[in-house]
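To start, the structure under review is shown below, and the notes come after it.
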Amino acid sequence: MIEAKLPWHSQFYTKVYVEVTFDEVLLLPSVKTKIIHPYGDNFDYQLEVYDINEIVVEKMRALLQFAKKLHERGWGRSRVRDYYDLWRIFGAYGANLRKSIIPQLFSLKCSFKDVECNHISELFQEKLMLNVEKEWDVWLKDIVVGELPKHVVVINELRQIMEQIFLKDI
């Protein structure tokens, strides 16, 4: 974890978590993208990042792994943010996604992590939805700018989007 104090802060408020992994399989080439920031400074840098389609399938796969942990152990680190992030990605970048490749990429990601998915509805199973309902505000209220949408709205819209992408069983 990296902590930072911006000039107008009295203490360290900004935290950046860095996760390093050596066993992740990338299915798509990384892309260079400009850093988006709200500051007036001339800050014109690019980073090499995951392709947006890869991010989508990673988040979906993580939800399935979380469901598996919930069933096996009864607990796991909440993945509420993944639902919100997916909803935001589809809303803000849906036109840039290659939706036709997402089912195949998702299937491959699942197989690499030994996670099984027979139908996209498994991302919305009851145990996961109870977790979303319970932890929505706890995990998101402090990081979402503006009004936090209701979890039922986000989940219903996300489910409709996913069902359109996965018109048939996986």
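Taken together, the values in this text are just the output of simple stated rules run on the coordinates, not laboratory data. Owing to the predicted nature of the structure, the values given are computational and were not obtained by experimental measurement. Counting neighbours? That spans all protein chains shown, and the Cβs are built from the backbone with ideal geometry, glycine included.
Multiplying the residue separation of Glu157 and Asp137 by 0.36 nm and removing their Cα-Cα distance gives an extension gain of 5.4 nm.
Ranking Ala62, Leu27, Gly74 by how far each Cα lies toward the positive end of the dipole of the chain (charges on Cβ) leaves Gly74 at the top.
When the chain is fully extended, how far beyond the present Cα-Cα distance does Ile2 get from Lys113, taking 0.36 nm per residue of separation?
37.1 nm
Placing R0 at 30 angstrom, the Cβ-Cβ distance between Glu19 and Ala95 gives a FRET efficiency of 0.55 after rounding to 0.05.
Using the Cβ of Lys113 as centre and a radius below 11 Å, the other residues enclosed give a net charge of -2, where K and R count +1 and D and E count -1. Computed across the stretch 52-165, the Kirkwood radius stands at 14.4 Å (inverse of mean 1/r, all Cα pairs). Once C-alpha pairs closer than 8 Å and six or more residues apart are averaged by separation and normalised to the residue number of the chain, the relative contact order reads 20 percent. Taking a straight Cα-Cα cut-off under 20 Å and skipping sequence neighbours fewer than 8 places away in the same chain, the lysines within cross-link reach of Lys127 are Lys59, Lys68, Lys69, Lys150. As a calculated quantity, the FRET efficiency between Lys150 and Lys68 at R0 = 22 Å, using C-beta atoms, amounts to about 0.20. The reciprocal of the average 1/r between distinct C-alpha atoms defines the Kirkwood hydrodynamic radius, which for the stretch 19-87 equals 14.5 Å. Straight-line reach from Lys34: taking Cα to Cα under 16 Å and skipping same-chain neighbours fewer than 8 places apart, the aspartates and glutamates in range are Asp44, Glu48, Asp51.
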